[in-house]
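Below is one structure, written out as structure tokens; the observations come after it.
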Amino acid sequence: MNGATRRARRERWLEGSLLLAALASACAVLLILAFLVYFSLPLFRPGAIAGILSGRWQPVGGEFGILPMLAGSLLIASLALAIAFPLALGVCAFVQGLGPPALARPVLAAVHFMTSIPTIVYSFVSVILLVPALRSAFAGRGGFSILTASLVLSVLILPTIVLLVHASWSGLGPSVRMTCAALGLSRTQEIFRVLVPVSSRSLVVAAILALGRALGDTMVSLLLAGNSPQWPSSILDSARTLTAHIAMVLAVDSQSPAYLSIFSSGLILLLVTASLTLAVRWIQSAAGRRRR
Amino acid sequence: MMRTSAIAVALLSALALPGCTSKVETLGIAGGTAHIPVMEKAAAKLMAADPGIRITVEGGGSGVGVQKVGEGLVQIGNTGRPLSDQEVDKYGLKSFAFAIDGVAVAVHPDNAVSELTSDQCREIFAGRISSWKVIGGPDGPISLYGRDEASGTREVFWTTALAKGEVAASTKVVPSNGAMKTAIAGDPLAIGYLGIGHVDESVKAIVLDGVEPTQENATSGVYKVNRQLFMNTKGEPAGLAKKFIDYILSPEGAKIIEECGYIPVSR
Amino acid sequence: MRRRLADRALLAGSWVSTGIILAAVLVLVGYLASRGGGALGLRLLFGDADPLAAITGRQPVFGGIWPALAGTCALVLVASCLAIPVGVASGVYLSEYASHRLQIILGFGVDLLASIPSIVMGLFGFTLIIFLRRTILPGANTSLILAAGCLAVLVLPGISRATYNSLAGLPDSLRLTGAGIGLTRWQSVTRVLIPAGSRGILSGCILGIGRAAEDTAVILLTGVVATSGLPRGLTEKFEALPFRIYVLASEHRDRAELDEGFGCALVLLLLTAALFACAFWLQRSFERKWSR
């Protein structure tokens, strides 16, 4: 009897420590949010928010707007997604049967391998190879530019899309394939008229996750986008992302608005990526409800 | 899982062990990036001579140097500009000038332009002259490079050469003197500015208002865009920081400063 | 007729996109191998120092990447020690103990943590140190333990998810068997379920280690420096491979330094690729074992 109680107590104690670990992992995000908010508090002094959320970054003139960086982030990430998404669908279709079946596995393996290539390695090689190539292609413009950063980011986020879409298509199973074959559809028709529409939610989820990845990346834009704090007017212009802005400006004087601007940037990044995660959750749970 | 953590603890203590076996004296240096070659060479010499010391060298820019030494995060904070009165008051910093360095405008070596007036220079960096053709250079847009807000080089260049004029927002920003040189060397249409100590054959330094940007001209004051390089400590330097500063200011240190392309400040 | 044309175009698109991606990966790896391969060697690692004396730390290394490699290894080791126990425990709790409701709430917290950009994690580490200095630990400084801690939080959600997925993917019969032979929940988890899911869990942990090894943005703000020598203790500054590559990408002084950059990038790629290959193989054998 005594042994049983002791065992039960031990079980409870172990379960408690597991719960603690789970709580720690789940609540870490709250702690991070709290710190960023705490350090952004001076933002809520009169006038400060308008100063930070303005369109000009000219510290010597006392202007500390980070909107150009927000625009840079959004433009670079969405351009990267626009490049990567069609390519990724093409690769998925290739693997799904448009290419020779013997090549499907090696291509998938290559895509898997891509996930293991460090971001900094992509950036380093691109500084040496891609920047001069684009510069000569566009007559002196486009070296350190939005286009360069987006191209490299698109390669970086492509595996995310391919692997998610591929998993979703494979999960649809042989029944779809057989139905299509029975209807006399070609492989191409099967993929683009049946698989794509049926898996539209997964495609959206893949796109959102890839966008989040692109928005959150620092090293590619820091090394390749040129970091000029201007409103981008062409993809051959250089631009600064919020992530690169944090890396660039950290540790000027701790009293100045420049310092404040990096916490605001961090906060904005955190809120944007969190709402993307929320969107994914919402889409997935809506899908779950419909299936039921 | 229990076993994993036991192994982990063992490995961790193994990692921490070398630190415990002998008393290591450490010195942290951060700040101005023009200083880095001098700091690294001196640190290497001192560490090779005495295995009991450890010197870490970081960049970050002059602003970072002031901030970090003031907060006590490092013992020596470098600046490529004199400290402001506020900075001295706020942290109680003490400055040691050790070298003179001009700030040169530089372009790609293939660029035909080799001379500019201050006026042209201001127009270019404000973005009002945007084509090389106008000033006799190659056919193409001018690609502007500048430095980050923490940079002392930027501060000096902006106040002296640009007379606190406008700076184009399209200026690409690089984080150090070394990065500026690499960027200009790689871009045939580039123009930027960097410490003369960093100039070598991979970039071409521009003659400004008829004066060649050399360290001699900077020392004599003929070349206007110049500054001193400082090491700063919080209060009087002590221990390893003092030893390091004394070494930099010694004849041996002067030799290192010259090797790196700067002119030592005579005591 | 027109449909056939569209079919053809899509087919061609699929081949072209697969070709582009494979070409990009081949160019990257090939160029890196050809430029970096020549640089590999004792000189790349140790510069002018005697290798034996350098490894034991008796002679400082200048112009070699040994201190950076050692720094990365130390960083990864400490980060794993922090992240793996907590990550696995939280995955176990979510899969085996949590109620459905708790699973959704805590799982969402873990997903949010996974979405945080690494530069924001670095910023968090930086604010944490400032906070500690102002409050209870005036001597605290950015250091190896801070960087490793932030990296641990960065890879924690991945490990937690992998553990959860591995356990949730196990057949229910295993759980029933455990209960049937009179094991307590904890015994059933540690003696039946975790061993059964070990390959999947391990795979997740290794992927986390790879991510910790390659990340640059976190350490950028939490204590990495250009020169510090071998890592000597948890509260010291350190060097790391990705940071070395970043520095060399933005400021290589001459051809020799550029070659060092390529060598460095190749070493990092080999490291992450090897980790990835292990994880991939483990995951495959896990899936083969339990998918029937």
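Exactly one residue out of B:Asp209, B:Asp246, B:Asp200 is surrounded by fewer than 19 Cβ atoms within 10 Å (Cβ to Cβ) and touching a helix residue (DSSP H, G or I) at 6+ places or on another chain (Cβ under 7 Å): that is B:Asp209. Looking at (1) within 16 Å of A:Gly266 (Cβ to Cβ); (2) among the hydrophobic types (A, V, I, L, M, F, W, C); (3) free of Cβ contacts under 8 Å to residues at least 12 places away in the same chain, which is the one condition that is false for A:Leu53? Exception for A:Leu53: condition (3). The residue that is farthest from the other protein chains (Cβ to nearest Cβ), among those in segment B:183-204 that are part of a helix (DSSP H, G or I) and not aliphatic (A, V, I, L, M), is B:Gly197.
Here is a yes/no grid of residues against (1) part of a helix (DSSP H, G or I); (2) farther than 28 Å from A:Thr218 by Cβ:
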site	(1), (2)
A:Gly143	no, no
A:Val152	yes, no
A:Ile161	yes, no
A:Val165	yes, no
A:Thr179	yes, yes
A:Thr188	yes, yes
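Within segment C:32-78, being in contact with a helix residue (DSSP H, G or I) (Cβ under 7 Å, 6 or more places away or on another chain), in a helix (DSSP H, G or I), within 17 Å of C:Arg244 (Cβ to Cβ) and within 10 Å of chain B (Cβ to nearest Cβ) holds for one residue alone: C:Ala74.
Quick check on A:Ala48: is it among the aliphatic types (A, V, I, L, M) and at pLDDT 90 or above?
Values: among the aliphatic types (A, V, I, L, M): yes; at pLDDT 90 or above: no.
Taking the combined requirement at face value, the residue does not satisfy it.
If you check A:Ser233, A:Ser285, A:Ser228, which single one turns out to be facing another protein chain (nearest Cβ under 10 Å) and closer than 22 Å to B:Glu149 by Cα?
Numbers: A:Ser233 fails: closer than 22 Å to B:Glu149 by Cα; A:Ser285 fails: closer than 22 Å to B:Glu149 by Cα.
Exactly one residue qualifies, and that residue is A:Ser228.
The rows are residues; the columns are (1) among the basic types (Lys, Arg); (2) more than 18 Å from the chain's Cα centre (by Cα); (3) open to solvent by 40 Å² or more (accessible area, probe 1.4 Å).
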{"residue": "B:Gln75", "(1), (2), (3)": "no, no, yes"}
{"residue": "B:Gly80", "(1), (2), (3)": "no, no, no"}
{"residue": "B:Leu83", "(1), (2), (3)": "no, no, no"}
{"residue": "B:Asp89", "(1), (2), (3)": "no, yes, yes"}
{"residue": "B:Ala99", "(1), (2), (3)": "no, no, no"}
{"residue": "B:Ala106", "(1), (2), (3)": "no, no, no"}
{"residue": "B:Val113", "(1), (2), (3)": "no, yes, no"}
{"residue": "B:Arg122", "(1), (2), (3)": "yes, yes, yes"}
{"residue": "B:Ile129", "(1), (2), (3)": "no, yes, no"}
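Tell me yes or no: at least one residue of segment A:51-60 is of a type in the set (Gly, Ala, Ser) and either in a helix (DSSP H, G or I) or at positive phi (or both). Yes, segment A:51-60 contains at least one residue that is of a type in the set (Gly, Ala, Ser) and either in a helix (DSSP H, G or I) or at positive phi (or both). Among the residues of segment C:247-292, just one is open to solvent by 20 Å² or more (accessible area, probe 1.4 Å), of a type in the set (Val, Ile, Thr) and in contact (Cβ under 8 Å) with a residue 60 or more places away in the chain, namely C:Val267. For segment B:139-153, a residue qualifies if it is at pLDDT 90 or above and not small (Gly, Ala, Ser), and the qualifying residues are B:Pro141, B:Ile142, B:Leu144, B:Tyr145, B:Arg147. Take the residues in segment A:101-153 that are closer than 30 Å to A:His166 by Cβ, small (Gly, Ala, Ser) and out of contact with any helix residue (DSSP H, G or I) (no Cβ under 8 Å at 6 or more places or on another chain); name whichever of them is least open to solvent (accessible area, probe 1.4 Å). Checked segment A:101-153; the qualifying residue least open to solvent (accessible area, probe 1.4 Å) is A:Ala109. Of everything listed in (1) open to solvent by less than 30 Å² (accessible area, probe 1.4 Å); (2) within 17 Å of A:Gly72 (Cβ to Cβ), the single unmet condition for A:Leu203 is (2).
Are any of the residues in segment B:115-137 part of a loop (DSSP other than H, G, I, E, B), in contact with a Phe, Trp or Tyr (Cβ under 7 Å, 6 or more places away or on another chain) and farther than 22 Å from C:Asp254 by Cβ?
As a first pass, look at segment B:115-137 and keep what is part of a loop (DSSP other than H, G, I, E, B): B:117, B:127-130, B:136-137.
Narrowing the set further to residues that are in contact with a Phe, Trp or Tyr (Cβ under 7 Å, 6 or more places away or on another chain) leaves none.
No, segment B:115-137 has no match at all.
Here is the figure for segment B:151-182: residues that are open to solvent by 10 Å² or more (accessible area, probe 1.4 Å) and within 14 Å of chain C (Cβ to nearest Cβ) total 6.
The values are calculated or read from the model by the stated rules, or taken from the named source; none is laboratory data. These numbers were taken from a predicted model, which means no experiment stands behind them. Cβ sites come from the backbone with ideal geometry, for glycine too, and all protein chains shown count toward neighbours. These area figures cover heavy atoms from the full protein model, side chains too; ligands, DNA and RNA do not enter into them. Shrake-Rupley method; radii C 1.70, N 1.55, O 1.52, S 1.80 Å.
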